[in-house]
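Peer 1: Have a look at the structure that comes next, please.
The values are calculated or read from the model by the stated rules, or taken from the named source; none is laboratory data. The structure displayed is predicted, hence computed values, not measured ones. Note that we place each Cβ from the backbone using ideal geometry, even for glycine, and neighbour counts take in every protein chain shown. For accessibility, only protein heavy atoms count, side chains too; no ligands or nucleic acids. Shrake-Rupley method; radii C 1.70, N 1.55, O 1.52, S 1.80 Å.
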Amino acid sequence: MNAAVLLLLLALAALPASCAPPRSFRLELASVDASAADAANLTEHELLRRAIQRSRYRLAGIGMARGEAASARKAVVAETPIMPAGGEYLVKLGIGTPPYKFTAAIDTASDLIWTQCQPCTGCYHQVDPMFNPRVSSTYAALPCSSDTCDELDVHRCGHDDDESCQYTYTYSGNATTEGTLAVDKLVIGEDAFRGVAFGCSTSSTGGAPPPQASGVVGLGRGPLSLVSQLSVRRFAYCLPPPASRIPGKLVLGADADAARNATNRIAVPMRRDPRYPSYYYLNLDGLLIGDRTMSLPPTTTTTATAPAPAPTPSPNATAVAVGDANRYGMIIDIASTITFLEASLYDELVNDLEVEIRLPRGTGSSLGLDLCFILPDGVAFDRVYVPAVALAFDGRWLRLDKARLFAEDRECGMMCLMVGRAEAGSVSILGSFQQQNMQVLYNLRRGRVTFVQSPCGALR
C-alpha cells in the first residue's frame, strides 16, 4: 500500500461526526416520569402537578430580562440562561467504546452535551450507573488550546502537566456543571459518530436534571449542540400530553418533515438575538383572545385589531429590534411544561379571559396554577366555553384551543390556565403543553420553524 493511500485511509478513519453523510435518526422521547419508580402509581393529576412544579423551578433560573449583550461575554453564558433543572423528555444514547448506555434530558434552550462521569466529587444522584471514561478506548480529553475548548466561556487548563480543557458551564441562577471537555464516539440507535465533543461532568451545583437523566443533550443553535455537531439541517418532534406515559418522537436529519397534506400549519422565521444566540427565538407580534387583539408593550412590535380568521399586523407597526429580533420575543423550550408570558402580556391575557369566560375566579389550585375558574356544578370541563387564543409570530398566527390552554383541576373543581407570568421585560417561553400533539419542524438551513396541527402518529 503506497503512502498516499495510507494517508487517505487514516484521514477517513478520523473524520468527525460533522463529516458523516446526511442521514436520519429516530428517537423516542420518554416522559421524565414514565420511568420514575416513585411515579408508577401516580394519577394523571399528580403527574401534571409534578411537571408544573418543575417548570416553575426552571423559570426561577431565568435571567433574561435585561441581560448583558453577547459581545460583552462569550456566547455560552449569554445563550444558556435557563437552569438545567427540569427536562421533561428523555432520550437513550450511547457513548464510548464499548458503548455505555445512558439517558439524557433533551433541551432546546442549551447547547452542551454532558453526562456525569467517574470519579465524581459533586454529582447529583442518578438512577443509571455513571460513565467511566477510563474504560472507553475512544475517549480523549480535548486540549485547552483547542478551538472547541475556546467555544466555552469559562475554561482553563488542567493542573500540573494536564493540558486538558477543564470547563465550567454556567446556567442562570448560579447553576453550573463542571468537568473535562472531551471527545468520544456517540451512538444513536445503530449508528455511531466519532469525535463528538461532550462534557464529562464531575460536579453539578445549583440545579440539576431529574435523577432519571445522567446529563443533558442540548439541541440549541450553538456550535456544541448535538444538531450542530452532526450537521443536522432539520429536525422535528411531536410531544404527547405531559401526563401521558406514551412516548413522543424525535427525528433528526433529512427525513424530519411535517405532514405535507396538513392544512393547519404555519411556518415562522426564526430570529437572531445576539444576547441569546443559542435560542430558537421567534418575534412575538401580539395575541388574539376570542375577537380581541392584544397590543404588545410600546417597546415591541404592535398590532392593530385584526379581522378573523387571519389577522395581520398593522402596516404602521413599529419595533425596537435587537439583531433581527424583537426586544421581547418568545423562545421555544420543550423542557418547560407550561408557557410563560412577559408580565404585561400575561396581565392583559388574564383580563381578557375573565371577560370572555365569565365564570367565577377560583383560588388555591392543587396544580399550583395562578388563573383558575370554578366549573359550574354538573357541567363537564369539556363542555365549558373557552375562547381560542392565538400567538402572532411575524404576522403568522398559531392558534391554541382549549386543550392547549387549560387543564382541569379535578381536586378543586376548577379549570386552570397552563400559562404563567414571567418577569416584566423578559422574553416569553413557549412550553411543551402548548406544543402537545403537534408536529414541530425546525429547518435550520432556511431558518424557520413550522407548527403543524397533526397527530404524532403522522410523524414517521
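Peer 1: With respect to the numbered conditions (1) touching a residue at least 12 places away in the same chain (Cβ under 8 Å); (2) open to solvent by 60 Å² or more (accessible area, probe 1.4 Å), which one is the sole condition not fulfilled by T148?
Peer 2: Unmet condition: (2).
Peer 1: List pairs: first residue in the range 190-211 and over 17 Å from Y167 (Cβ atoms) and assigned by the TED database to the domain that holds N132, second residue open to solvent by 40 Å² or more (accessible area, probe 1.4 Å) and at pLDDT 80 or above anywhere in the structure, Cβ distance under 6 angstrom, at least six positions apart or on different chains.
Peer 2: Close Cβ pairs (under 6 Å, with a partner that is open to solvent by 40 Å² or more (accessible area, probe 1.4 Å) and at pLDDT 80 or above) amount to A192/K185; R194/K185; P211/H125; P211/V127.
Peer 1: Listed residues G94, G122, G158, G87; which is under 24 Å from Y279 (Cα atoms), modelled with pLDDT of 70 or more and assigned by the TED database to the domain that holds G218?
Peer 2: Testing whether each residue is under 24 Å from Y279 (Cα atoms), modelled with pLDDT of 70 or more and assigned by the TED database to the domain that holds G218 leaves just G87.
Peer 1: So, I246, is that one at pLDDT 80 or above, within 22 Å of G87 (Cα to Cα), open to solvent by 10 Å² or more (accessible area, probe 1.4 Å) and more than 17 Å from the chain's Cα centre (by Cα) or not?
Peer 2: So I246 fits the description; yes.
Peer 1: Which of the numbered conditions does L15 fail, given that it passes all the others? Conditions: (1) modelled with pLDDT of 85 or more; (2) part of a loop (DSSP other than H, G, I, E, B).
Peer 2: (1) is the only condition that L15 fails.
Peer 1: Still on this structure, please answer the following. Which of (1) under 24 Å from the mean Cα position of the chain (by Cα); (2) under 23 Å from D291 (Cβ atoms); (3) modelled with pLDDT under 95; (4) open to solvent by less than 40 Å² (accessible area, probe 1.4 Å) does D352 not meet, given it meets every other one?
Peer 2: For D352, the failing item is (1).
Matching residues to (1) modelled with pLDDT of 90 or more; (2) open to solvent by less than 70 Å² (accessible area, probe 1.4 Å):
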position: P309; (1), (2): no, no
position: A325; (1), (2): no, yes
position: A335; (1), (2): no, yes
position: S365; (1), (2): yes, yes
position: D377; (1), (2): yes, no
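Peer 1: Which residue pairs have Cβ atoms closer than 6 Å, lie 6 or more positions apart in sequence or on different chains, and pair a first residue in the range 389-402 that is within 12 Å of L288 (Cβ to Cβ) with a second residue that is open to solvent by 10 Å² or more (accessible area, probe 1.4 Å) and aromatic (F, W, Y)?
Peer 2: Here the result reads A390/W397, each pair linking the range 389-402 to a residue that is open to solvent by 10 Å² or more (accessible area, probe 1.4 Å) and aromatic (F, W, Y).
Peer 1: Hey, another quick one. Tell me, please, whether a residue that is more than 20 Å from Q212 (Cβ to Cβ), open to solvent by less than 50 Å² (accessible area, probe 1.4 Å) and touching a helix residue (DSSP H, G or I) at 6+ places or on another chain (Cβ under 9 Å) can be found in the range 117-135.
Peer 2: So far as the range 117-135 goes, no, none of its residues is more than 20 Å from Q212 (Cβ to Cβ), open to solvent by less than 50 Å² (accessible area, probe 1.4 Å) and touching a helix residue (DSSP H, G or I) at 6+ places or on another chain (Cβ under 9 Å).
Peer 1: Being open to solvent by 10 Å² or more (accessible area, probe 1.4 Å) and touching a residue at least 12 places away in the same chain (Cβ under 8 Å) is the filter here; which residues of the range 451-460 pass it?
Peer 2: Q453, S454, P455, C456, A458, R460
Let's see how each residue does on (1) assigned by the TED database to the domain that holds E354; (2) over 29 Å from A390 (Cβ atoms); (3) out of contact with any Gly (no Cβ under 7 Å at 6 or more places or on another chain):
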{"residue": "L219", "(1), (2), (3)": "no, no, yes"}
{"residue": "T263", "(1), (2), (3)": "yes, no, yes"}
{"residue": "V268", "(1), (2), (3)": "yes, no, yes"}
{"residue": "Y281", "(1), (2), (3)": "yes, no, no"}
{"residue": "D285", "(1), (2), (3)": "yes, no, no"}
{"residue": "L288", "(1), (2), (3)": "yes, no, yes"}
{"residue": "D291", "(1), (2), (3)": "yes, no, yes"}
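Peer 1: Limited to the range 188-214, what total is found for residues that are closer than 14 Å to F131 by Cα, at pLDDT 90 or above and either surrounded by 23 or more Cβ atoms within 10 Å (Cβ to Cβ) or of a type in the set (A, V, I, L, M, F, W, C) (or both)?
Peer 2: Of the residues in that region, 5 qualify.
Peer 1: Specify which of the listed residues (L239, L252, L181, L219) is open to solvent by less than 10 Å² (accessible area, probe 1.4 Å), in contact with a helix residue (DSSP H, G or I) (Cβ under 6 Å, 6 or more places away or on another chain) and over 24 Å from C149 (Cβ atoms).
Peer 2: Only one candidate passes the filter, namely L239.
Peer 1: Within the range 389-421, can you find the residues that are assigned to a loop (DSSP other than H, G, I, E, B), open to solvent by 10 Å² or more (accessible area, probe 1.4 Å) and out of contact with any helix residue (DSSP H, G or I) (no Cβ under 6 Å at 6 or more places or on another chain)?
Peer 2: Answer for the range 389-421, where residues must be assigned to a loop (DSSP other than H, G, I, E, B), open to solvent by 10 Å² or more (accessible area, probe 1.4 Å) and out of contact with any helix residue (DSSP H, G or I) (no Cβ under 6 Å at 6 or more places or on another chain): D394, G395, D401, E411, C412, G413.
Peer 1: Follow-up. Return yes or no: is L42 at pLDDT 80 or above and within 22 Å of A407 (Cβ to Cβ)?
Peer 2: Answer is yes for this residue.
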